[in-house]
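Accompanying notes for the structure given below.
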Protein chains: 2
Amino acid sequence: MKIVIDAFGGDNAPLEIIKGAALAQAEYGVDIILTGDEEIINKCIKENNITFKKLEVVHTTDVISMHDEPTSLLKAHKDSSMAVAFRILSEGGADAFVSAGSTGAVVVGGTLIVKRIKGVKRPALGTMIPSVDGKFFLMDMGANAECRPEMLVQFGIMASVYLENVENRPNPTIGLLNIGTEDTKGDELRQETYKLLSEAPINFVGNIESREMPKGVVDGVVTDGFTGNIALKLIEGTASSLFKMLKGAFYKNLINKLAAAILKKDLYKIKAKMDASEVGGAPLLGVQKPVIKAHGSSDARAMKNAIHQAIIFAEKDVIGTISANLK
Amino acid sequence: MKIVIDAFGGDNAPLEIIKGAALAQAEYGVDIILTGDEEIINKCIKENNITFKKLEVVHTTDVISMHDEPTSLLKAHKDSSMAVAFRILSEGGADAFVSAGSTGAVVVGGTLIVKRIKGVKRPALGTMIPSVDGKFFLMDMGANAECRPEMLVQFGIMASVYLENVENRPNPTIGLLNIGTEDTKGDELRQETYKLLSEAPINFVGNIESREMPKGVVDGVVTDGFTGNIALKLIEGTASSLFKMLKGAFYKNLINKLAAAILKKDLYKIKAKMDASEVGGAPLLGVQKPVIKAHGSSDARAMKNAIHQAIIFAEKDVIGTISANLK
């Protein structure tokens, strides 16, 4: 198993990316290819005493940033660390791809360099989101701002395959994010999608209201990329604002400070659980090879987790199963 | 000032509705008209020692429920307590309307009995939502699942007038809910709306991401009713799930329980702040008279607050200003 990693994508690149790759190799015994400036990578490895049993570096000096137009990956930034990694994947030089770089560029590279699975209308990004007792999968979280019913149904099928194989949830329940539970609720897109999902070969359990999502009542939630992106960031924003309010209460006076100190460890656990970077990377489903978009703020541990995800993604032949189920 | 109140709308009707009306009369000195079954209302008043200085009851035995088709307000339930209250408002028998009943029916009654302000494409529901340091206004929160750019621009103008007059926020900042801050982000609806909002006579500050909303960075957020409804319920759901997780930590062991007991009062304040029913009712903007939809779970205090909101709504001539600003 060989994983190609964009060493220069993400807020903490390249150090944390390289560290994460080394951790993953030590733990899962996979081959690693890093793309990016060889001199900087080697310097980074040496200065931080990072050890690889075996490492391949494919040299390139260009990087695509968050501020670059995603499609520039194909022309102006066709020699960026991300574009090079995508080509290695696409040409069979690796079994899976991980980058913590620009989300838009990952979608462009996946769709246009790796290319779609035959029959897939649009690839989409899914992600696991923390719930009260576990996690649920939300898809699309932002690859497609505008969706048609046929796309949403495919998201449902792809999410179901991913959940069953990578997240180990047999016969996963899939809900359609909507503003009411009845099949007549929502806009035309939801009403039409509801019908199509009911006929799809998945465990579709109907509409789900956003209020219910964080309770973890279903394994997977299907929505368009606009709503999905709003939802994902709103959960993060609401949790972070609430923790800010709690902090205010904890520092209010000496006695509160003492009480909060006792609870600190358990509260920290909850905060860590709600932190999106803890739950792993986002698979881009619908393309011909396993592509994982790691969180932009990934540290070494988050990268290691994202690489682990990529390994299972490749091992379980998720793509073959998606392809078969779409027929 | 005369307020007509649907005494049979909401989960706690009629007792809490009647109590709230009595509290509002005592505090704000307004005349109250209650619609609903006169015998039950009088019995309720007597048994609970509720006192009104002056009260008018308009008798009707029918009620429209949450499960009824909203448009049934016009035919099958045209004699329901809500429909009768709407007609009293529309015919000039009251200055403002409050109901804690079916949201869909309030939108139908406002739009088709009270009727739209000339030039308004679609009335919309706004609501104040708690943020870290205060509250922000979200509109539309669910009246229009499908929107066009011209509608969203009017929501922005109406929200601005409401915030300035009823919420006392001079020159309120208005943001467009979107999946990125640049004007090229989002679907066609957002891109087109962005342009129109930039030219509107309001303090439009550009796109706002959902992650920023709970921080209270703008006074008002404009979005379509589908996304608005998802956002509103997701904030509630995330907050409620987090409190459930906190509760788990607080009851974990004896020492945690003791520490939590010290913090209890301050934590309760935060929980109460996040509770939607605390922030008042939702104005239906764009119709010819002041209409307030109180939260379905309203108790007497929430009803009193919603009635207070209706009074300011009527006093400040929000409708005249909206009408002038839309020209």
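Values quoted throughout were computed directly from the atomic coordinates according to the rules given, and no laboratory measurement underlies them. Source: prediction; values computed, not measured. All Cβ positions, glycine included, derive from the backbone under ideal geometry; neighbour counts span all protein chains shown.
The table below lists the values:
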{"item": "Residue-span extension gain [B:Glu38 to B:Lys264] - 0.36 nm each, minus C-alpha spacing", "result": "77.1 nm"}
{"item": "Selected from B:Gly126, B:Gln25, B:Pro70, residue furthest toward positive end of dipole (the stretch B:18-131; charges at beta carbon)", "result": "B:Gly126"}
{"item": "Position B:Lys273, label points 7 Å along Cα→Cβ, spacing to each other copy in nm (shortest first, one decimal)", "result": "2.3"}
{"item": "q = 0.07, 0.12 Å⁻¹, the protein assembly as shown: log10 I(q)/I(0) [Debye, one scatterer per Cα]", "result": "-0.51, -1.25"}
{"item": "Distance from the stretch B:126-176 to the stretch A:19-44 (C-alpha centre basis), Å", "result": "49"}
{"item": "For the stretch A:258-272 versus the stretch A:46-99, the gap between their alpha-carbon centres in whole angstrom", "result": "39"}
{"item": "Theoretical ellipticity at 222 nm over chain B - DSSP helices of four or more residues, -39500 (n - 2.57) apiece, nearest 500", "result": "-14000 deg cm²/dmol"}
{"item": "Potential extension, A:Lys195-A:Lys247 segment - 0.36 nm per residue separation minus Cα distance", "result": "14.1 nm"}
{"item": "Whether the stretch B:4-91 is rounded, prolate or oblate, judged on the alpha carbon gyration tensor where a/c under 1.5 counts as rounded", "result": "prolate"}
{"item": "Percent RCO, i.e. relative contact order, over chain A, from Cα pairs under 8 Å lying at least 6 residues apart", "result": "23"}
{"item": "Inter-copy label distances at B:Lys75 (7 Å, Cα→Cβ; nm, one decimal)", "result": "5.8"}
{"item": "Cβ-defined net charge surrounding B:Lys115, 13 Å radius [Lys, Arg +1; Asp, Glu -1]", "result": "+4"}
{"item": "Percent of Cα-Cα distances greater than 24 Å, calculated over the stretch B:132-289", "result": "40"}
{"item": "Dipole moment magnitude, nearest 20 debye, the stretch B:122-280 about Cα centre, only Lys, Arg, Asp, Glu C-beta charged", "result": "1240"}
{"item": "Cα shape, chain A, gyration tensor, a/c 1.5 rule", "result": "oblate"}
{"item": "Value of relative contact order over the stretch B:122-280, rounded to a whole percent, pairs C-alpha under 8 Å and six or more apart", "result": "29"}
{"item": "Rounded to the nearest 20 debye, dipole of the stretch B:84-210 from Cβ charges on Lys, Arg, Asp, Glu", "result": "440"}
{"item": "Fewest-first sequence of A:Asp79, A:Asp275 by Cβ atoms within 10 Å of each Cβ", "result": "A:Asp79, A:Asp275"}
{"item": "Shielding score for B:259-272, defined as the mean number of other chain Cβ atoms within 10 Å", "result": "4"}
{"item": "Listed residue (A:Ile157, A:Leu176, A:Asn256) projecting farthest to the positive dipole end of chain A, Cβ model", "result": "A:Asn256"}
{"item": "Dipole moment magnitude, nearest 20 debye, the protein assembly as shown about Cα centre, only Lys, Arg, Asp, Glu C-beta charged", "result": "1460"}
{"item": "Residue-averaged beta-carbon neighbours from other chains (10 angstrom radius) around A:182-191", "result": "3"}
{"item": "Which of B:Leu246, B:His308, B:Thr193, positive extreme of dipole for the stretch B:173-327 (C-beta unit charges)", "result": "B:Leu246"}
{"item": "Sorted by Cβ neighbour density within 10 Å, fewest at the top, the residues B:Asp317, B:Asp299", "result": "B:Asp317, B:Asp299"}
{"item": "GNM top mover of A:Val114, A:Val166, A:Val132 - chain A, alpha-carbon springs below 10 Å", "result": "A:Val132"}
{"item": "Computed E for B:Lys118/A:Lys115 - FRET, C-beta separation, R0 56 angstrom, nearest 0.05", "result": "0.55"}
{"item": "Order of A:His308, B:His295, B:His59 - criterion: other Cβ atoms within 10 Å of each residue's Cβ, fewest first", "result": "B:His59, A:His308, B:His295"}
{"item": "Other-copy label distances relative to B:Lys118, 7 angstrom Cα-Cβ extension, nm", "result": "6.4"}
{"item": "Spin-label model distance (nm) - A:Thr71 vs B:Asp62, 7 Å beyond Cα toward Cβ", "result": "5.7"}
{"item": "Gyration tensor verdict on the stretch A:264-327 (Cα atoms; rounded if a/c is under 1.5, prolate if a/b is larger than b/c, oblate otherwise)", "result": "prolate"}
{"item": "Estimated distance in nm for a label pair at A:Ala272 and A:Ser297, the labels positioned 7 Å out from Cα along Cα-to-Cβ", "result": "1.6"}
{"item": "11 Å beta-carbon shell around B:Val57, net charge (K/R +1, D/E -1)", "result": "-4"}
